[in-house]
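The structure appears right after this line, and notes come after that.
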Amino acid sequence: MTDKRWLILDLEAPLLAFGGVVIDQIGVTRDFPAASMLTGLFANALGWTRTETDKHQALQDRLVFAARIDRDRPAGILTDMQNAQLEKSDRGWTTWGLVEGRDGASYGAPHRRKRDYHMDARIMIAVRLAPCDDAPDLDRLAEALYRPARPLFIGRKPCLPSRPILAARRDDWFMEAPTAYAALSRLPAADRKDRRSRLRAFWPPGEGPDEGEAVTRIHDLPDLRNWKSGLHGGHRRVIEGFVMPQEVAS
């Protein structure tokens, strides 16, 4: 099997949020990043606006990625209870350095919602684009993450990275491997203090084993977004299981 080129991302923050199916005002977080979340992260780094829906949709459709949990919720899940009194005249600063107002009506009572976060977690991701020659290509994504057009956050705006998303050396940004699973297997454990015999991971079909001891379940994950409507846009098949990182295997 021919090796492919993978971009390696290191997602670590005091708070991480990977979204999930929202019921009423309760926003849960999944264990693994969603395709829609990665699309938003890349688009933000590239400086795209929300109105460039065709670009977002095309990028999401090209994503092929696997993720590995290197630090698994050592402090559990934090549920944040948020209360906001929103008035029609409210205004605020944006990351563009401009003041933005609201178009909606005032609320007669505080707007209440709950949001779940992972605390002090760390996730490693191997991602490529298919087809690989379309714009933006993997090198363009890497440069955008290295010098993002706007501040980056992981899932929700309070989730600011505690370290650069890319490795310190450019030579470590990419990895050659035949599959996403192989890329994660060849990637050394991110936290040397927390070495384990195997780490939880997920990958798409065809990008790793689909049976055997490494596989725990295969299911449909609703992590796609219709970027034109801004709503849930379907699901995709994923495989969950375990990866033995290179340092442990050796």
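The values are calculated or read from the model by the stated rules, or taken from the named source; none is laboratory data. None of the values given here were measured: they were computed from a predicted structure. Cβ atoms come from the backbone with ideal geometry, glycine included; neighbour counts cover every protein chain shown. To get the accessible areas, we keep the full protein, side chains included, count just its heavy atoms, and leave off ligands, DNA and RNA. Shrake-Rupley method; radii C 1.70, N 1.55, O 1.52, S 1.80 Å.
Across segment 239-246, in residue order, what do the Karplus-derived ³J(HN,Hα) couplings come to in whole Hz, using 6.51 cos²θ - 1.76 cosθ + 1.60 with θ = phi - 60° and x for Gly and Pro?
So the Karplus estimates, Gly and Pro as x, are 10, 10, x, 9, 10, 9, x, 4 Hz.
Amide H neighbours of Gly27 under 5 Å, counting only residues 5+ apart in sequence or on other chains, H built in-plane at 1.01 Å?
Amide H to amide H, under 5 Å and 5 or more residues apart or across chains, Gly27 pairs with Lys114, Arg115, Asp116.
Along Cα→Cβ, 7 Å out, is where each label goes; now give me the distance between the ones at Ala168 and Glu100 in nm to one decimal.
Distance between the two pseudo-spin positions: 3.5 nm.
How large is the accessible surface per residue of the chain, computed with a 1.4 Å probe and reported in Å² as a whole number?
With all protein chains present, the chain gives 54 Å² per residue.
Be a star and scan segment 118-135 for residues whose amide nitrogen sits under 11 Å from the point 7 Å along the Cα-to-Cβ vector of Asp220.
Flagged as within label range: none.
Starting from one equal scatterer on each C-alpha and no solvent at all, send me the Debye-based log10 I(q)/I(0) for segment 11-60 at q = 0.17, 0.25, 0.29, 0.33 Å⁻¹, two decimals.
Computed log10 I(q)/I(0) values: -0.62, -0.99, -1.06, -1.15.
Quote the relative contact order of the chain in percent (integer), defining contacts as alpha-carbon pairs under 8 Å separated by 6+ residues.
Taking the mean separation of contacting Cα pairs over the length of the chain, I get 30 percent.
Over the chain, what percent of the accessible surface lies on carbon and sulfur atoms, probe 1.4 Å?
Using a 1.4 Å probe with all protein chains present, the chain comes out at 51 percent carbon and sulfur.
As an exercise, identify the trypsin sites (Lys or Arg not before Pro) in segment 35-87 lying in DSSP coil whose Cβ has no more than 15 other Cβ atoms within 10 Å.
Arg50
In Å, what is the Rg of the alpha-carbon atoms in the chain, and how long is Dmax?
Over the chain's Cα set, Rg and Dmax evaluate to 18.8, 62 Å.
What translational D, rounded to a whole number of µm²/s, comes out for segment 202-250 from Stokes-Einstein when the hydrodynamic radius is the Kirkwood one over Cα pairs, at 20 °C and 1.002 mPa s?
The Stokes-Einstein estimate is 171 µm²/s.
Within 10 Å of each candidate Cβ there may be at most 10 other Cβ atoms; applying that plus a DSSP loop requirement, which trypsin sites (Lys or Arg not before Pro) in segment 138-221 survive?
Hits after loop and neighbour filter: Arg169.
Could you order Tyr146, Tyr117 by accessible surface area, starting with the largest, using a probe radius of 1.4 Å?
The ordering from most to least exposed comes out as Tyr146, Tyr117.
Please list 3J(HN,Hα) in residue order for segment 76-84, calculated via the Karplus relation 6.51 cos²θ - 1.76 cosθ + 1.60 where θ = phi - 60°; whole Hz, with x for glycine and proline.
Residue by residue, segment 76-84 yields x, 9, 9, 9, 9, 8, 10, 10, 9 Hz.
DSSP loop chymotrypsin sites (Phe, Trp or Tyr not before Pro) in segment 39-82 with at most 15 other Cβ atoms within 10 Å of their Cβ, which ones?
none
Which residue, Ala34, Ala190, Ala13, tops the fluctuation ranking in a GNM of the chain built on C-alpha contacts under 10 Å?
Fluctuation is largest for Ala190.
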